[in-house]
Amino acid sequence: MRANCWTGKQSVEVRDVPDPKILNRRDAIVKISSTAICGSDLHLYNGFIPTMRDGDILGHEFMGEVVEIGPEVRNLSVGDRVVIPFPIACGVCGACERGLTS
């Protein structure tokens, strides 16, 4: 697959990377049709995070089509078109149950 990768301070490029895999029973894989880096990525883009490595994938706000779901996913189906906003929440962990989803 192709991904928007960090290549160094203030440098990104689209690269070929390994295809994603379902790792958690509640995972979904989305074929991305559009993504970008946003203001919350600027600390990564500008090199302020020392753990960033060449090839790290950026882009947590995106649109696309669901292509695979884990066996415990109940609210999505393969073929659904989705928009993924900045705050992502599982809905069932302790933080989500307390409303701490950002």
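The values are calculated or read from the model by the stated rules, or taken from the named source; none is laboratory data. Since this is a predicted model, take the numbers as computed values, not measurements. Cβ: placed from backbone, ideal geometry, glycine included. Neighbour counts: every protein chain shown. These accessible areas exclude ligands, DNA and RNA; they are computed on the full protein's heavy atoms, side chains included. Shrake-Rupley method; radii C 1.70, N 1.55, O 1.52, S 1.80 Å.
Laid out as a table, the results:
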| item | result |
| --- | --- |
| Close pairs from the range 30-43: first among the basic types (Lys, Arg), partner open to solvent by 40 Å² or more (accessible area, probe 1.4 Å) and at pLDDT 90 or above, Cβ under 8 Å, at least 6 apart | LYS31/GLU65; LYS31/VAL67 |
| Failed criterion for PRO18 (all others in (1) of a type outside the set (S, T, N, Q); (2) within 28 Å of VAL92 (Cα to Cα); (3) modelled with pLDDT of 90 or more hold) | (2) |
| Residues located in the range 44-54, provided they are open to solvent by less than 80 Å² (accessible area, probe 1.4 Å), assigned to a loop (DSSP other than H, G, I, E, B) and touching a residue at least 12 places away in the same chain (Cβ under 8 Å) | ASN46, GLY47, MET52 |
| Top-ranked residue of the range 55-85 - restricted to ones that are in contact (Cβ under 8 Å) with a residue 24 or more places away in the chain and exposed (fewer than 11 other Cβ atoms within 10 Å of the Cβ), ranked as nearest to LYS9 (Cα to Cα) | PRO85 |
| Hits in the range 52-102 - residues which are over 20 Å from PRO20 (Cα atoms) and among the small types (Gly, Ala, Ser) | GLY91, GLY94, ALA95, GLY99, SER102 |
